[in-house]
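Participant: Submitted below is the structure of interest, expressed as structure tokens.
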Number of protein chains: 2
Amino acid sequence: MKFDLSHKDSKSSARAGSITTDHGVIQTPIFMPVGTAGSVKAVHQRELKDDIKAQIILGNTYHLYLRPGLDIIGEAGGLHKFNGWDGPILTDSGGYQVYSLSGTRKIKEDGVTFMSHIDGSRHTFTPENVMDIQRRIGADIIMAFDECTPYPCEYTYARESMEMTHRWLDRCCKRFDETESLYGYQQTLFPIVQGSVYPDLRKQSAEAIAAFGREGNAIGGLSVGEPAEKMYEMTSLVCDILPSDKPRYLMGVGTPANILECIALGIDMFDCVMPTRNARNGMLFTTQGIINIRNEKWKNDLNPIDPELGGYVSTFYSRAYLRHLIHSKEILGAQIASIHNLTFYLWLVGQAREHIIAGDFAIWKEKMTKTVSQRL
Amino acid sequence: MKFDLSHKDSKSSARAGSITTDHGVIQTPIFMPVGTAGSVKAVHQRELKDDIKAQIILGNTYHLYLRPGLDIIGEAGGLHKFNGWDGPILTDSGGYQVYSLSGTRKIKEDGVTFMSHIDGSRHTFTPENVMDIQRRIGADIIMAFDECTPYPCEYTYARESMEMTHRWLDRCCKRFDETESLYGYQQTLFPIVQGSVYPDLRKQSAEAIAAFGREGNAIGGLSVGEPAEKMYEMTSLVCDILPSDKPRYLMGVGTPANILECIALGIDMFDCVMPTRNARNGMLFTTQGIINIRNEKWKNDLNPIDPELGGYVSTFYSRAYLRHLIHSKEILGAQIASIHNLTFYLWLVGQAREHIIAGDFAIWKEKMTKTVSQRL
């Protein structure tokens, strides 16, 4: 993996660059659509490429490990071959899902035992086997196994958890460096900064993680319920410590305004289920602001969903039609809204990139944050 | 509307022709995907056109009338403008849904009162207002308001119901002929033959319906649970009576084998929810036979869904991936399976047409019926 930083904004920490993987180049800042179980919900692979213009997608290790399982993914030659997405893929480490989805789980120094949400079967994730699993899934970017603390979180718990995450990282790196890619293309490991919302812990963690000198770094444990200001404060603090010549990935963030703010703080990569999950409930992010398409207001609005955004679904289908589909629980409603929202997210980070390159990011960001945050 | 019969099969009653509407030409025999609430479930409008190669789709009057309602459809300029499908549309009369979906309904000579399945509100359909409603929806082909009898059905009830359907047809024709298209393109009315599975009633009804001399004729009240042999017997009997220079539409039929058999009996038009409904449950109709993709058998099958069929979804996605999506209840599973099944149905009637034109329909049909009926 290669990261080239091409532009730095003079009035903020925003930057534009590119990440080169064996599955293609990613232009940063970038948003990564979430394909939990090997499918970005309600979106065809060709739509990801042609309509949304996704450059990298996510897979969730927890889900893929449980179903369809590693045997079939391995037999296919990795997730790219299994689901047909031939661009870069990043997999999370499964930690987050184990903590949030799995009913009963036990966290010990060695690893985490948990119960499958599908059939109740018992499994164990350790730093070592999570590396092996992600090797087998075949992600281009593999995430370290960490503990994502909840919010709020006691200081002592946050510190001890962070320290264990660092020890786990040691084990992740060791296993990752001892093993090889199974499918002939390069894979890279990103460690994750933790430390809840405590500045001293975040500082400690960022320094520890930076010292590992991996090819990219991530910030976890944010966007878990804390106020946005806390998220920005932690992100800013951590970005100042993480090396500037490596990509920085802020996990699980967020709203369009969150993304713009965190780009300004120096983040290069984002992922979030918000554009797809909210789409299925009828919340649209548009170039003019936020639309709850379920509202009476849109009942007779025969205008296209978002003519400014462009693209098939946003210009072809009307707001009134989409409202009807969402109210009628028609699958096509979820399809249209998901493609629209993801197209918007990719457009937004693409615009940010253009303005960083053009040198007017700060002004643009201020104006755009207001626009995309307003409720229409 | 214009119907041109171009070829007749010498060894069966199969025929090839074309129906010209103001929204385009339909090559018969044809299968019409069902778009109940103005959307063919899980399928984008461009996929209907480019992938499935649909030539005409259905809308359900009952559903569209209740939601989104006539005001917004009228304001849009009709259903074509509302949902963006610019090819021909046929709407059913709402009768079938009123009998099968609506909890409490009262059938009287004047019409039917029923309760909305959405909000319990009370409504009345009469032969007259159902014509007005379909005028307003803007279908190219409008169906007469009939009573679709259940199976089994007492002879006396079937006869009395059929007689009422004929009297209702009188009223439908009167209202239809007194009114005009609202959107500048021509609309046409198809009457419906009833009579349950009683040959004498079917004969009476076919003669009565033929005497109205409309531009096309339909056969209703079949595919409601009767044995396939009864369906074929009734269809054959009715086709022999209905004029050969008008298109014949067999409502709600059916499996690929049913369709091939009824093409041989002289049917030109079909519709059925089977390809889309069964798709959502993982049943695939393929050029090699029927696949239940949920079965263990397909777990490791990395072959494309149906390479012989061609097209994006059937060649791009593997059986193992589709099985995973259906098991995981991923929306994309419903999308892939729906496009595949509809593509197959359109391919099947297209092949039938080619073989009718080539003169070897009977031989082809015999072989193909076996192939498409076998379980893989």
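Participant: For the structure I just gave you, tell me whether residue B:148 is buried (at least 18 other Cβ atoms within 10 Å of the Cβ), in the same structural domain as residue B:195 (by TED's automatic domain parsing) and within 16 Å of residue B:251 (Cα to Cα).
Facilitator: Taking the combined requirement at face value, the residue satisfies it.
Residue by residue, here is whether (1) of a type outside the set (Gly, Ala, Ser); (2) in contact (Cβ under 8 Å) with a residue 40 or more places away in the chain holds:
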site: A:226; (1), (2): yes, yes
site: A:229; (1), (2): yes, no
site: A:234; (1), (2): yes, no
site: A:237; (1), (2): yes, no
site: A:251; (1), (2): yes, yes
site: A:264; (1), (2): no, yes
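Participant: Please go through the stretch A:311-334 and pick out each residue that is more than 7 Å from chain B (Cβ to nearest Cβ), in contact with a Ser or Thr (Cβ under 9 Å, 6 or more places away or on another chain) and buried (at least 24 other Cβ atoms within 10 Å of the Cβ).
Facilitator: Residues satisfying the conditions are A:313, A:314, A:333.
Participant: Further, regarding this structure: Take the residues in the stretch B:151-183 that are basic (Lys, Arg) and surrounded by 15 or more Cβ atoms within 10 Å (Cβ to Cβ), then tell me which one is nearest to residue B:22 (Cα to Cα).
Facilitator: B:175
Participant: When you look at residue B:288, is it surrounded by fewer than 23 Cβ atoms within 10 Å (Cβ to Cβ) and not assigned by TED's automatic domain parsing to the domain that holds residue B:6, yes or no?
Facilitator: So residue B:288 passes the test.
Per-residue answers, yes or no, for (1) out of contact with any Gly (no Cβ under 9 Å at 6 or more places or on another chain); (2) at positive phi; (3) surrounded by fewer than 19 Cβ atoms within 10 Å (Cβ to Cβ):
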position: B:234; (1), (2), (3): no, no, no
position: B:240; (1), (2), (3): no, no, yes
position: B:266; (1), (2), (3): yes, yes, no
position: B:271; (1), (2), (3): no, no, no
position: B:275; (1), (2), (3): yes, no, no
position: B:293; (1), (2), (3): no, no, no
position: B:297; (1), (2), (3): yes, no, yes
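Participant: Can you pull out the residues in the stretch B:80-97 that are more than 10 Å from every other protein chain (Cβ to nearest Cβ) and either under 18 Å from residue A:328 (Cβ atoms) or free of Cβ contacts under 8 Å to residues at least 24 places away in the same chain (or both)?
Facilitator: B:85, B:89, B:91, B:92, B:94, B:97
Participant: Something else now. How many residues are within 12 Å of chain B (Cβ to nearest Cβ) and touching a strand residue (DSSP E or B) at 6+ places or on another chain (Cβ under 9 Å) if we restrict to the stretch A:44-70?
Facilitator: 4
Participant: Go through the stretch A:8-23 residue by residue and tally those that are in a strand (DSSP E or B) and touching a Pro at 6+ places or on another chain (Cβ under 6 Å).
Facilitator: Here is the first cut: in the stretch A:8-23, the ones in a strand (DSSP E or B) are A:8, A:15-21.
Filter again for touching a Pro at 6+ places or on another chain (Cβ under 6 Å), leaving A:19, A:21.
The qualifying residues number 2.
Participant: Of all residues in the stretch B:36-92, count the ones that are crowded, with 19+ Cβ neighbours inside 10 Å, of a type in the set (Lys, Arg) and either at pLDDT below 95 or over 20 Å from the mean Cα position of the chain (by Cα) (or both).
Facilitator: Total meeting the criteria: 0.
Participant: Further question on the same structure: Does the stretch B:111-125 include one or more residues that are under 30 Å from residue A:303 (Cβ atoms), away from chain A (no Cβ under 14 Å), modelled with pLDDT under 95 and surrounded by fewer than 17 Cβ atoms within 10 Å (Cβ to Cβ)?
Facilitator: The answer is yes, given that some residue of the stretch B:111-125 is under 30 Å from residue A:303 (Cβ atoms), away from chain A (no Cβ under 14 Å), modelled with pLDDT under 95 and surrounded by fewer than 17 Cβ atoms within 10 Å (Cβ to Cβ).
Participant: Taking residue B:3 and the conditions (1) more than 23 Å from residue A:339 (Cβ to Cβ); (2) within 13 Å of another protein chain (Cβ to nearest Cβ); (3) aromatic (Phe, Trp, Tyr), which numbered condition does it fall short on, given that it satisfies the others?
Facilitator: Every listed condition holds for residue B:3 apart from (2).
Residues are listed down the side, and each one gets a yes or a no for (1) on the phi < 0 side of the Ramachandran plot; (2) in a helix (DSSP H, G or I); (3) modelled with pLDDT of 95 or more:
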{"residue": "B:300", "(1), (2), (3)": "yes, no, yes"}
{"residue": "B:308", "(1), (2), (3)": "yes, no, yes"}
{"residue": "B:329", "(1), (2), (3)": "no, no, yes"}
{"residue": "B:332", "(1), (2), (3)": "yes, yes, yes"}
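Participant: While we're here: Can you tell me which condition residue A:27 does not meet? The list is (1) outside any helix (DSSP H, G or I); (2) crowded, with 23+ Cβ neighbours inside 10 Å, and all the others hold.
Facilitator: The number of the failed condition is (2).
Participant: Can you pull out the residues in the stretch B:39-71 that are under 16 Å from residue B:98 (Cβ atoms) and either outside any helix (DSSP H, G or I) or without any contact (Cβ under 8 Å) to a residue 12 or more places away in the chain (or both)?
Facilitator: Correct list: B:59, B:60, B:67.
Participant: Same structure, new question: Quick test of your reading of the structure: residue B:359 fulfils all but one of (1) under 21 Å from the mean Cα position of the chain (by Cα); (2) more than 14 Å from chain A (Cβ to nearest Cβ). Name the failing condition by number.
Facilitator: Against the list (1) under 21 Å from the mean Cα position of the chain (by Cα); (2) more than 14 Å from chain A (Cβ to nearest Cβ), residue B:359 comes up short only on (1).
Participant: When you check residue B:17 against the structure, is it buried (at least 19 other Cβ atoms within 10 Å of the Cβ) and touching a residue at least 24 places away in the same chain (Cβ under 8 Å), yes or no?
Facilitator: Here the answer is yes, as residue B:17 does meet what is asked.
Participant: Quick test for you: out of B:186, B:204, pick the one residue that is surrounded by fewer than 22 Cβ atoms within 10 Å (Cβ to Cβ), over 19 Å from the mean Cα position of the chain (by Cα) and touching a residue at least 60 places away in the same chain (Cβ under 8 Å).
Facilitator: B:186
Participant: Just a yes or no: is a residue in the stretch A:294-310 within 30 Å of residue A:17 (Cα to Cα), out of contact with any His (no Cβ under 9 Å at 6 or more places or on another chain) and within 14 Å of chain B (Cβ to nearest Cβ)?
Facilitator: Pass one, the stretch A:294-310, residues within 30 Å of residue A:17 (Cα to Cα): A:306-310.
Keeping just the survivors that are out of contact with any His (no Cβ under 9 Å at 6 or more places or on another chain) gives A:307-308, A:310.
The next check asks that each one be within 14 Å of chain B (Cβ to nearest Cβ); those that pass are none.
So far as the stretch A:294-310 goes, no, none of its residues is within 30 Å of residue A:17 (Cα to Cα), out of contact with any His (no Cβ under 9 Å at 6 or more places or on another chain) and within 14 Å of chain B (Cβ to nearest Cβ).
For (1) of a type in the set (Ser, Thr, Tyr); (2) within 15 Å of residue B:268 (Cα to Cα), each residue gets a yes or a no:
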position	(1), (2)
B:25	no, yes
B:51	no, no
B:70	no, no
B:96	yes, no
B:100	yes, no
B:118	no, no
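Participant: Something else about it: Just to be sure, is residue B:352 within 28 Å of residue B:28 (Cα to Cα), within 14 Å of chain A (Cβ to nearest Cβ), surrounded by 24 or more Cβ atoms within 10 Å (Cβ to Cβ) and in contact with a helix residue (DSSP H, G or I) (Cβ under 7 Å, 6 or more places away or on another chain)?
Facilitator: Answer is no for this residue.
Participant: Checking residue B:301 against (1) over 25 Å from the mean Cα position of the chain (by Cα); (2) more than 24 Å from residue A:73 (Cα to Cα), only one condition comes out false. Which one?
Facilitator: All conditions are met except number (2).
The values are calculated or read from the model by the stated rules, or taken from the named source; none is laboratory data. Remember, predicted model here, so these are calculated numbers, not experimental data. Counting neighbours? That spans all protein chains shown, and the Cβs are built from the backbone with ideal geometry, glycine included.
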